[in-house]
Amino acid sequence: MKLEGRTIFPGQAQGFALVSKMGISFYGGVDPQTGVITEAGHDLEGQTIAGKVLVYPRGKGSTVGSYVLYRLKKNNCAPLAIVNAETETITAVGCIIAEIPCIDRVDLSQLHTGDRVSVDADQGILMG
Amino acid sequence: MHLTPEENAILAGSSGPAAQKAMRILETLGRIYGAKHMLPITSVQISGVSYANLGEAGLEWLADMAEGGGKAQVLTTLNPAGMDVENYRALGIDEAFAENQRRVLSAFEKMGVITTCSCTPYLFGNLPRFGEHIAWAESSAVCFANSVLGARTNREGGPSALAAALTGRTPAYNYHLDQNRQPTVHVRVDASLSGTHDFGALGKAIGDRLQSLKLAQLVPLITGITEASLETLKSFCASIATYGGVALFHIPGLTPEANAFEIPPADLVIHQRELDQARADLLQTTAEEVDFVSLGCPHLSLKEIQRIAQLIEGKRVTKEFWITTSRPVKGMADRMGYTQIIEAAGAKFATDTCCVVAPIEGRFIAMATDSAKACYYAYAKNHFKTRLLSFDQVIREATQ
């Protein structure tokens, strides 16, 4: 499988995909100390995004969320890479300041939690 | 996206690592949102100041940007901090938090950011004129700048606002462009409005309805409002931004761009009963249960502080009562003796901060205020019940 998208922040990563069908609010919705999703009723509630290729349609919530991505990185709990349908400001800025590879405009319906994938964000490509 | 030779040089590191990182943020946002070029800006307002929100990592990032030679290129002011910088002890803020908050402010200061710590920069010198391109964070101030002043800004976050400050630029997209400032929905208001609490409730009533329409671009043209003051518009902007995510609205006869547009038939009408419902939604408890009273969301104007002094003189407050405002406005209140009158009654000034960003989660049971925005955060973030009252009624109940 080869999916093509757009570079948001460059870099390379290989790992297991963690896929959500919902938006993620990093501020208030993710524990910055552990990377565990804490938002009540979220389809990833209780799961950790640390060390995963995190796949979700788009970010939501407070712009402070960008700093949460940076805090996760400093705490070694950041995702390896982020893959979105449409990256918005909070995720984009978070990936730039935390230096997390990020691509968007990817067909997310092809991806499932547990898939082993490799992200080449320099080229905007995901291989599975 | 076209970058000038100077912008490309900054991106390559010619102005140091902080400016390089800043330009990278702006270039990426420009690319995502289809900007064709950068715009020079004249003013910045930065959010993300409270240590409670930034945490150690956020502080570290700001310190790295300061260390990397970041310097504000235009007038840049700062949102409220997590505490009153001078009077935090009286407000129950501990020393460890205070020390961390001071480290945040000193990183900003090092970058030439004016540490105003207020959500109302337009009340004391950061007042962009009509048509000016700016880069502001703080949703209530963004809405005020776009709608009431007719300046042009997107809804920036903390890092993108800082990036704009350090480069003097922002990518040209969304609210910077004429076509995106056109109204997309006509809201007719058929209700009577008497003060800041009513305008706040109206912001909620409209905001809730707009959210349910799921429009891609939310620029309401609002008719049926014939009178408004600085204070009621300030309250309305805060509320419609909080509940509706609105960054720009137009009101014919009141806001400067409104007359440029045709008025289409109304898409939705806010009747008296909907305004009453919005007020009732925020009136969740009785006067007896209230143990916290807060005025100043957004930060109070001098006129509002003068009014508090008039009503409170010679009385005694019976609950924890915070008055949140900016340091410059507080300075004028000091000079006029209002501060003394208010403090003699037992109310406390919480300058530089506010009840949205101060670390007060769980400290109180129920809050009385005139601000619909403050109600939202009191409930969602701090788990307080809320009691939305008129400005005068808040003071009356606090001194009963």
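Read the figures in this text as sums done on the coordinates, not as results from a lab. What you see is a predicted model; the values in this text were computed from it and never measured. No Cβ is skipped: glycine too gets one built from the backbone with ideal geometry, and neighbour counts run over all protein chains shown.
Before moving on, here are some points about what is shown:
- Cβ-based charge dipole, segment A:2-127, positive-most Cα from A:Gly41, A:Ile103, A:Val64: A:Val64
- Ranking of B:Val142, B:Val85, B:Val219 by count of other Cβ atoms within 10 Å, fewest first: B:Val85, B:Val219, B:Val142
- Number of partner chain Cβ atoms within 10 Å, mean per residue of A:54-63: 2
- Across segment B:5-178, the convex hull enclosing all Cα atoms gives 106 Å³ per residue.
- Over chain A: Kirkwood hydrodynamic radius from C-alpha pairwise inverse distances, Å: 13.8
- Segment B:182-281 gives an Rg/Rh value of 0.92, both radii derived from C-alpha positions and Rh following Kirkwood.
- The fraction of Cα-Cα pairs per 5 angstrom bin, counted from 0 for segment B:148-205, comes to 4, 13, 16, 15, 16, 14, 13, 6, 2, 0 percent, rounded to whole percents.
- Ranked from largest, the principal axis spans of the Cα set of chain B equal 65, 57, 36 Å.
- Counting only Cβ charges, +1 for Lys and Arg and -1 for Asp and Glu, the dipole size of the protein assembly as shown around its Cα centre is about 280 debye.
- Legend: Rg and Dmax of the protein assembly as shown, from Cα coordinates, 23.0, 76 Å.
- Over segment B:1-101, the pair-distance histogram of Cα-Cα distances with 10 Å bins from zero comes to 13, 35, 31, 14, 6, 0 percent, rounded to whole numbers.
- Alpha carbon Rg of segment B:283-328, scaled by the compact-globule rule 2.2 N^0.38 Å: 1.28
- Relative contact order of chain B: 18 percent, from C-alpha pairs under 8 Å at least 6 residues apart in sequence.
- Spread of Cα-to-Cα distances over 10 Å intervals beginning at zero, given as percent, for segment B:292-398: 16, 52, 29, 3
- Net dipole in debye of chain B [+1 Lys, Arg Cβ; -1 Asp, Glu Cβ; about Cα centre; nearest 20]: 320
- The value given for segment B:1-58 is a Kirkwood hydrodynamic radius of 13.1 Å, derived from the mean inverse Cα-Cα separation.
- Set of aspartates and glutamates with alpha-carbon distance to B:Lys348 below 18 Å, sequence-local pairs under 8 removed: B:Asp84, B:Glu86, B:Asp94, B:Asp291, B:Glu304, B:Glu313, B:Glu320, B:Asp334, B:Asp370, B:Asp392, B:Glu397
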